[in-house]
Amino acid sequence: MKRIDTPEILDSDSCPAEEIQTSLRDLGRVNRWFGGVATTQSLIEQVAHVTGLREFSILEVAAGTGEVSGIVRQRLARRGITVHVTLLDRAWSHLPKGSGAIVADALALPFLDSAFDLVSCNLFAHHLEPSALARFAGEAFRVSRRAVLINDLVRHPLHLALVYAGSPLMRSYVSRVDGVASVRRAYVPEEMRKILESCAKPVPRVEISPHFLFRMGAIVWKVIAPTAPPALPAHYPAPERI
């Protein structure tokens, strides 16, 4: 199945405000029911297992409502893992108000090197062309201390058929249209690996694992052995917060 890059309505500035909120709620259900939350949780648990660490600062890119991060934080807390999450998105209308979230460009992250233990994203990678995805991965790799975590869809004809079959579950027409576009423009693991390995020199260690219902989780490792975090959080002055 060839990758077809079709722009998504939710990414455009012309998407009506009411449709944005309905579509984000649809995405929340997709993440809760069909592997989004479980995949991110699994990736963080894998990093915790390998590094031996039980506390992480996380930058969640293209965070939207932040629901996935919130559920994952609660689940991990019950397993003795503490995460401190900073939400970032390109649009203030996607983010929860009053959360201290940051509005910024994912391809030019407004943070110093190694500012967060982990940089994570969910359902974001497929929105980017290969060159842009490599650029984002490079920025995420720069800003992370431990690893970059990517949770995304896998392009497959059966996945596309499931999206068509599940369209009645979506309450927004934007979700129904964008769901099809998302699968068509998603990557397969081999493509993802090649792009992620190009994000830094020397070539980083990349692990990609399959997850429930055509999800994949990628870890781009930066540092495995635990070391002391910097004394102060590092970021460039005054990114826009809401």
| In this structure, does residue 6 turn out to be within 20 Å of residue 179 (Cβ to Cβ) and of a type outside the set (A, V, I, L, M, F, W, C)? | yes
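Out of 73, 79, report the one residue that is surrounded by fewer than 18 Cβ atoms within 10 Å (Cβ to Cβ) and among the charged types (D, E, K, R).
Sole residue among the options that is surrounded by fewer than 18 Cβ atoms within 10 Å (Cβ to Cβ) and among the charged types (D, E, K, R): 79.
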| task | Determine which single condition residue 174 fails, assuming it passes every other condition in (1) in contact with a strand residue (DSSP E or B) (Cβ under 6 Å, 6 or more places away or on another chain); (2) assigned to a helix (DSSP H, G or I). | result | (1)
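Please go through the range 154-166 and give me each residue that is under 14 Å from residue 27 (Cβ atoms) and either among the acidic types (Asp, Glu) or touching a helix residue (DSSP H, G or I) at 6+ places or on another chain (Cβ under 6 Å) (or both), ordered by number. Give the derivation first.
Restricting attention to the range 154-166, the residues satisfying the condition of being under 14 Å from residue 27 (Cβ atoms) are 163, 166.
Passing the criteria: only 163.
In the list 67, 129, which residue meets the criterion of being within 20 Å of residue 216 (Cα to Cα) and surrounded by fewer than 18 Cβ atoms within 10 Å (Cβ to Cβ)? Even if it seems obvious, please write down each step before you answer.
Details: 67 fails: surrounded by fewer than 18 Cβ atoms within 10 Å (Cβ to Cβ).
Step by step, each of 67, 129 is checked, and only 129 is within 20 Å of residue 216 (Cα to Cα) and surrounded by fewer than 18 Cβ atoms within 10 Å (Cβ to Cβ).
Could you say which residue among 73, 79 is part of a loop (DSSP other than H, G, I, E, B) and modelled with pLDDT of 95 or more? Working first, answer last.
Values: 73 fails: part of a loop (DSSP other than H, G, I, E, B).
When all the criteria are applied, what remains is 79.
Going residue by residue through the range 52-62, is there one that turns out to be in contact with a His (Cβ under 9 Å, 6 or more places away or on another chain) and within 18 Å of residue 216 (Cα to Cα)?
First pass over the range 52-62, keeping only residues in contact with a His (Cβ under 9 Å, 6 or more places away or on another chain): 55-58, 62.
Then keep just the ones that are within 18 Å of residue 216 (Cα to Cα); that gives 62.
Yes: the range 52-62 contains one or more residues that are in contact with a His (Cβ under 9 Å, 6 or more places away or on another chain) and within 18 Å of residue 216 (Cα to Cα).
The values are calculated or read from the model by the stated rules, or taken from the named source; none is laboratory data. This is a predicted model, so every value here is computed, not measured. FYI the Cβ positions are ideal-geometry reconstructions off the backbone, even for glycines, and counts take in every protein chain you see.
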